[in-house]
Every structure is written in C-alpha cells, then in structure tokens.
Amino acid sequence: MADDLGEEADDERALELSTVGAIYPELSLNASGSDPFSACLDLAVEPLKGLLIQFPTAEGAPPETEFTPPSSTEEGASAQHNVEGKPATDAFPATSTTQDAHRLSHLPPLTLVLSLPDGYPAEKPPVFYLSSQWLPDKKLRELRAAGHTIWDDMGKDQVVFAYIDHLREAAERGFDLGQGEAEVLEVSTDLKVALLDFDLKAKRAKFEKETFECGICLEPKKGTVCHRLLLCSHVFCVECLQDFYNSCITEGDISNVKCMAPKCGSEPTSSIVATPKNPEEDRTLEPSELLKIPLEQETVQRYVKLKRKKRLESDPTTVYCPRQWCQGPARIPNKKSVKAEPEQGAAGENGKEPDQVVNPDAYRISNPEALPPPAERLAICEDCGFAFCRVCKASWHGEYFVCFPRSQFELTAEERASENYMMLHTQPCPTCNARAQKTYGCNHMICFRCNTHFCYLCGAYLERGNPYQHYNNWKSGCYMRLWELERGDDGEFGQGFQGGGADGEPVEWSDEESDDEERPPPPAPAAPAVPRQHGQQAPAQRAREVNVRRRNANPGLQRALRMIQDDEEDEWDSDEMDDLDDWE
Amino acid sequence: MAQKRIVKEYSELQKKPLDGMRISLPSEADMHQWQILIDGPKGSPYEGGVFTLHLSLPTEYPFKPPTLSFKTKIYHPNVTNDDKGSMCLGMLRADEWKPSSKIEAVLSFAKALLLEPQPDDAVEGGIAREYKENKKEFIKNAKAWTKQYAKK
C-alpha cells in the first residue's frame with residue numbers, strides 16, 4: 001500500500017489512507033490523479049431489515065407500464081444524484097394510495113469521494129463528497145454534514161475510518177429512512193427497474209455463493225444449481241425440482257406442483273409486500289417460475305393446458321366443441337343463470353322421481369328435465385368459434401327449435417366400451433364428480449380436485465375427522481372392506497358396488513346412527529349381500545347400473561352421456577362424434 | 001436419484017439409529033424393501049414386545065410416499081387387524097406426502113403412534129372406541145396381544 005504513495009509515504013495523511021485501504025480493500029486511492037490525498041469508496045448499502053421503497057405511479061398510468069425495462073441506461077444515469085426524485089414525488093401526492101412498495105435489502109452503493117487537504121487533520125477538516133443514485137438530497141447533505149461533526153467531536157483528529165464506519169452503520173440501518181408506518185421512502189419511478197434489478201442480482205449473486213442441502217436428494221448443492229421458490233423461499237436443487245415437477249405434469253397431477261417441503265403452506269408466506277395470493281387457496285407454482293427453474297417449454301405448456309382443463313372441468317357449465325378436431329371448451333359467460341339452474345333441477349327432480357335420489361349436483365345437465373331453455377342453449381367454442389347447441393351438439397339451430405340430447409345408439413362401440421370401463425372401474429367424487437381410479441391402498445379416497453373424502457366402493461361421503469367409521473359400522477355396506485381392492489381397481493372386478501343403499505343411493509353414515517343401535521358386530525368380515533363381481537353380472541343389470549350411475553359422470557363424461565339419453569329423437573350424424581373419448 | 005437417496009437415508013439410519021429401532025434389508029439386492037424392528041416404547045402397553053414392520057419404498061420414491069405395515073399382529077386403532085397390518089394416515093397418505101419428508105420422520109411417526117394412538121383417524125373403529133371409552137380394557141387387550149404375538 002505504502003508503495004502507491006511514493007515519497008509522500010511519511011505524510012500523516014498517506015499513512016491514514018493506506019491504513020483505511022487495508023481495512024477497505026475496495027478503497028481506490030488518488031482517484032483523480034492530481035490530488036495524492038484523495039480517495040474514492042463505494043459503500044454497499046444492505047440494510048439489515050431491508051428498506052421499504054415506494055414508487056409513485058404516474059396518474060392514470062396502467063400498472064403494467066411500470067414493468068417495462070428502462071429504455072436506455074442513460075435514463076438511469078441521468079437520474080443519478082436524484083434531482084428528479086423529489087419533484088416526482090411532490091408532483092403526485094394524490095396518487096400515493098396507488099403506489100407500489102417494495103422492501104429491498106440490496107441497494108446501489110453510496111459513493112464517497114474524500115480529499116484530505118493540507119493542514120488536515122489538525123487545522124482543516126476533511127472534504128467529503130457523497131453521491132447516490134437513489135438517496136434523497138436531504139439525506140446526502142445530512143450524511144455529509146456528519147463528517148464535519150465527527151471530525152469536531154474527535155478533537156480534529158484522523159477521521160476517515162470513523163466516518164466510513166459511521167456511513168456503514170447508517171447504511172445498515174437503512175439511513176433511518178422509512179422507519180415509521182406512515183413514513184415511506186419514495187423514489188422516482190424512473191429508478192424502479194434499476195433498483196429492483198440491482199436487488200435481484202445482488203440476491204442472486206449471494207444465493208449462488210451459498211451451499212444448500214437439497215431436501216430431496218439430500219446432497220449439498222451450490223447455489224448456482226439451486227432454485228429458491230418464490231412463494232415460500234424454500235430451496236431445492238434444480239435437478240430434483242425438474243424431476244418432480246416433470247413427473248407431476250406428465251402424470252397430470254398438477255395440484256402437486258408446489259413446494260416439496262413438509263408442512264410448507266401452513267406457515268404464512270415470507271415474501272415481500274405485494275403477494276395478493278391467499279396461502280391456502282393455490283400454492284401451485286406459476287408457469288413463469290417453472291420456466292425459470294427451468295423446465296422444458298413444452299412441459300410448461302402442458303401444465304398451463306392442464307390447469308386450464310382443470311378449471312374448465314370444475315365448471316359444470318362447460319361443454320365441449322363437437323368438432324372432433326377441436327373439442328375446445330365453451331362456457332356460459334353469465335354465471336348467474338347457471339347457478340340457479342342446478343338447484344331448480346334438483347328440487348323438481350326429488351319430487352318426481354323419488355327412487356333416484358343421488359347427489360343433486362349430478363343432475364345439472366344430464367337430466368332432460370333440467371335442460372336449459374332453448375334460448376339458452378347457444379354455446380360458442382372458445383377455441384374455434386363454432387356456434388353450437390349445448391344440448392344436441394349440432395351447429396346452432398336458433399332458439400325456436402326444440403332439440404334433444406343424442407341417443408346412446410349413436411355412440412361407437414369404442415366409446416361405449418370406454419364408458420363401460422369407467423362405470424365399472426372408477427368412482428366419481430360425490431362433490432365434484434371427478435372420477436378416480438384406485439391404483440393401490442385403502443378405500444378412503446380424497447378427491448384430487450376438491451379434497452372431498454369419499455368411499456371408493458360406494459361413493460359415500462366420508463367424514464373428514466373420522467373417515468374410517470364407514471368401514472367399521474356393520475350396517476354400512478362397506479363394513480370391514482377398507483382394504484378391498486388394495487392392489488388397485490385393475491379391471492378384474494368392477495368396483496361399482498352401491499354401498500348398500502336402495503337402488504344405488506349412496507348412504508351417509510353418521511355417528512348418531514351407529515350409536516343408537518349399537519350391536520355387537522358380526523363375527524366374520526363377510527361382505528354383505530351385494531356381490532362385487534360385476535364382471536360376471538348379467539348385461540341387463542349392468543346396463544341398469546350404467547343408467548343409475550351416469551348422473552355421476554364427470555363433465556367430460558357427461559358430455560358424452562348427455563348423448564345417450566335413450567328414447568329421444570335426434571337428427572345427428574353419429575360419424576361426427578367419433579373418438580369422443582379422446583377428451584381424456 | 002431414488003436409489004441414491006435411499007442408500008443415503010439407509011446409511012444415515014445405520015450410523016445414527018433411532019432409539020429402539022433396528023433396520024435391515026431382507027434382501028441385500030433390493031434397497032426398496034426394509035425391515036424394521038421396533039421395541040414397544042416404555043410406558044405403552046406394547047412395552048416388552050418387539051414389532052416387525054415392513055417399509056416399502058416405491059420406485060418413484062421420494063416423489064411417492066412409502067408404505068408402512070406391521071408384520072407383527074398389534075392391537076392398535078391405527079393398524080388393521082388382519083394379516084396385512086396396514087396403516088393409512090397422516091404423512092403416509094398420498095395427498096399429504098411431501099418429497100422432502102424422510103424415512104426417519106416416517107419411522108418416528110410410527111413410534112409416536114405406538115405411544116399415542118390417534119383414535120380419530122382409526123382404521124379399527126372397535127379398538128378406537130375402546131381406546132376412547134374404556135382405556136383400561138384397551139390396555140389390557142393391547143398388553144395381552146403384545147405378550148402373545150410380539151414376545152422377544
């Protein structure tokens with residue numbers, strides 16, 4: 001260090017600067033060249049608690065425009081020394097409510113230029129210049145004045161280190177800016193992108209230097225091959241994230257595309273101010289984050305598609321385009337009329353056909369009585385724009401034509417086989433009708449879509465708190481049958497057992513019921529009355545069962561089933577409906 | 001990946017075994033099937049017994065949960081009273097399983113269950129009711145079964 005200063009080495013000032021330079025290696029001496037006792041130092045600003053910064057939005061400007069990158073670097077540079085900062089904030093006092101705030105923990109550095117004049121330290125104070133891209137002028141002046149004060153307080157002694165230390169401490173406290181609830185530091189919107197970008201890059205650089213133990217492969221991994229989840233900040237290695245999410249998306253299990261840490265999601269989100277998401281609602285990852293991990297674009301596209309499909313399927317009003325090359329969705333834009341419909345239908349049905357009491361929701365469209373009035377049957381495919389009738393699936397025939405759903409005979413053998421298989425080897429969720437096929441395990445099912453607990457054998461609702469009651473009540477048709485079909489519903493036997501209720505009616509077993517008539521359970525776990533080998537049943541009975549159960553079909557299936565309402569006239573060409581089961 | 005993690009978890013559990021548990025592989029060639037011997041925890045009606053459990057790790061582990069079953073008959077509300085000795089609760093359920101849960105946690109969970117059954121999540125309703133309403137009888141039965149089936 002001393003070499004740099006040459007013959008001035010014995011000067012007190014040179015000694016001080018070289019000492020400070022040893023402590024702060026990033027101190028560059030003699031920056032200007034003309035003054036040997038000058039130096040320059042960039043002080044990192046990393047407030048411990050972060051610094052809350054507001055960027056006032058210009059009046060009337062849509063929020064999207066804020067995120068456009070800076071048009072040029074000069075623009076950012078011209079904003080230096082923050083001349084624009086204050087006028088900008090003053091100009092829009094009214095918009096302060098619509099401002100967006102960010103808590104940043106890494107900010108562009110504060111630049112200190114110092115010069116030690118002749119006579120320093122005993123007679124003359126040091127000269128400090130401070131500049132910053134974003135700090136308000138007032139604060140800069142305040143900090144600069146502190147230099148003189150410190151020099152005075154120290155009894156006019158060597159002050160450079162003490163001053164740098166003072167600045168460093170102030171930076172750690174965020175320069176005491178934006179501390180109170182009401183008081184928030186406002187920075188010109190021009191700087192927003194630059195500041196956010198700086199924060200992000202600094203965080204990333206820090207992250208990459210760290211080492212993490214990935215909770216999946218249990219290997220220590222460098223930050224460079226890890227990813228921190230945006231919603232919860234858990235870190236996993238990219239390889240494991242890719243493996244897991246790829247397999248989830250390939251299998252269609254998109255609800256699992258979320259953090260893999262145990263218990264994650266029960267604690268509140270740790271991320272910064274602007275997270276509009278309800279932590280309980282949807283913790284699956286955004287497609288943009290999947291791309292960042294990175295996942296293959298095609299995989300992410302499939303994810304987006306599946307998410308959309310799930311949304312559509314959970315909307316009971318969705319019908320699908322009858323053009324077999326399209327099969328796009330069509331929804332009823334006006335939700336109000338739709339909501340009223342199923343209730344109406346259910347109420348009417350219960351009176352007319354008391355032997356068919358099933359989940360009222362299942363009635364929605366499949367029952368002819370509950371069909372929408374002709375005027376409301378127009379559906380327009382969201383993908384290809386085809387206007388068709390949601391009941392008869394023909395191209396739109398105008399509202400004065402009364403049509404009927406298509407008949408069963410129009411289905412191809414393949415379609416029928418596919419439906420029969422679904423009838424026999426899947427169970428619809430009693431709440432949302434999503435069909436599930438068991439691959440292994442016990443018969444206590446939890447719907448993949450709506451988390452309803454139900455019995456795989458009979459489709460009865462199970463109580464969330466005590467789901468196994470159903471299998472321990474000897475009156476239940478599923479008594480002692482929790483582990484039936486443990487190896488999965490593979491097709492050897494149909495699962496379609498109807499829970500012991502009359503005519504396929506799922507029965508809910510409540511605690512009271514079993515308590516009232518407590519009796520010793522029968523000694524052997526013999527299955528009650530109804531045999532389960534539906535594969536061996538007479539075709540007629542199977543058909544009846546299909547009839548009873550089709551009301552439970554999921555929306556995709558309903559679409560097909562709406563067309564098998566028997567005894568209805570129709571004018572449809574069945575060829576057009578080939579490959580209907582492709583909806584899967 | 002699965003294999004590597006399983007090996008790692010296995011060796012960790014061999015180095016730092018859980019209290020009152022011994023783990024072995026029934027077949028050295030298959031890392032996916034583990035045999036676990038658990039001592040009945042002190043203070044529980046299972047004390048003095050040794051229970052054999054079978055842990056089966058699916059090929060998709062850790063993305064899919066392991067399955068745990070009791071090979072030794074046990075009188076417990078959360079274990080089926082048949083030759084399968086199946087369990088179906090908590091973290092072992094497919095929808096609650098998280099890939100970064102570890103086998104160690106699964107085994108600790110099983111042990112905690114011996115100390116404190118969860119009658120509200122029972123697979124054996126009769127035993128659960130007895131546990132809740134007639135604890136004495138439950139303890140008596142559990143002890144008798146331990147003596148009969150889980151003797152050291």
Looking only at the stretch A:185-225, which residues are touching a Ser or Thr at 6+ places or on another chain (Cβ under 9 Å) and either part of a strand (DSSP E or B) or of a type in the set (V, I, T) (or both)?
-> A:E186, A:V187, A:T189, A:V193, A:I216, A:P220, A:K221, A:K222
Considering only residues that are in contact with a His (Cβ under 9 Å, 6 or more places away or on another chain) and not in a strand (DSSP E or B), look in the stretch A:226-264 and name the one that is farthest from the other protein chains (Cβ to nearest Cβ).
-> A:V238
Hey, any hits in the stretch B:86-102 for a residue that's modelled with pLDDT of 90 or more and farther than 23 Å from A:G465 by Cβ?
-> no
With the first residue restricted to the stretch A:216-231 and required to be without any contact (Cβ under 8 Å) to a residue 12 or more places away in the chain, and the second required to be of a type in the set (D, E, K, R), Cβ contacts under 9 Å at 6 or more apart or on different chains are A:L218/B:K4; A:L218/B:R5; A:L218/B:K8; A:L218/B:E9; A:L218/B:E12; A:L218/B:K102; A:P220/A:E213
Top-ranked residue of the stretch A:411-446 - restricted to ones that are in contact (Cβ under 8 Å) with a residue 60 or more places away in the chain and charged (D, E, K, R), ranked as nearest to A:R487 (Cα to Cα) | A:R435
Is it true that some residue in the stretch A:440-452 is surrounded by 18 or more Cβ atoms within 10 Å (Cβ to Cβ), on the phi > 0 side of the Ramachandran plot and in a loop (DSSP other than H, G, I, E, B)?
-> yes
Go through (1) modelled with pLDDT of 80 or more; (2) surrounded by 15 or more Cβ atoms within 10 Å (Cβ to Cβ); (3) part of a helix (DSSP H, G or I) one by one and return the number of the condition A:G459 breaks.
-> (3)
For the stretch B:10-27, does any single residue satisfy the condition of being under 15 Å from B:A105 (Cα atoms), within 14 Å of another protein chain (Cβ to nearest Cβ) and in contact with a helix residue (DSSP H, G or I) (Cβ under 6 Å, 6 or more places away or on another chain)?
-> no
Any idea which of A:A387, A:A413, A:A460 is of a type in the set (A, V, I, L, M) and closer than 20 Å to A:D315 by Cα?
-> A:A387
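The values are calculated or read from the model by the stated rules, or taken from the named source; none is laboratory data. Here the structure is a predicted model, which is why all the values come from computation and not from measurement. Positions of Cβ are generated from backbone atoms using ideal geometry, with glycine treated the same way; all protein chains shown enter the neighbour counts.
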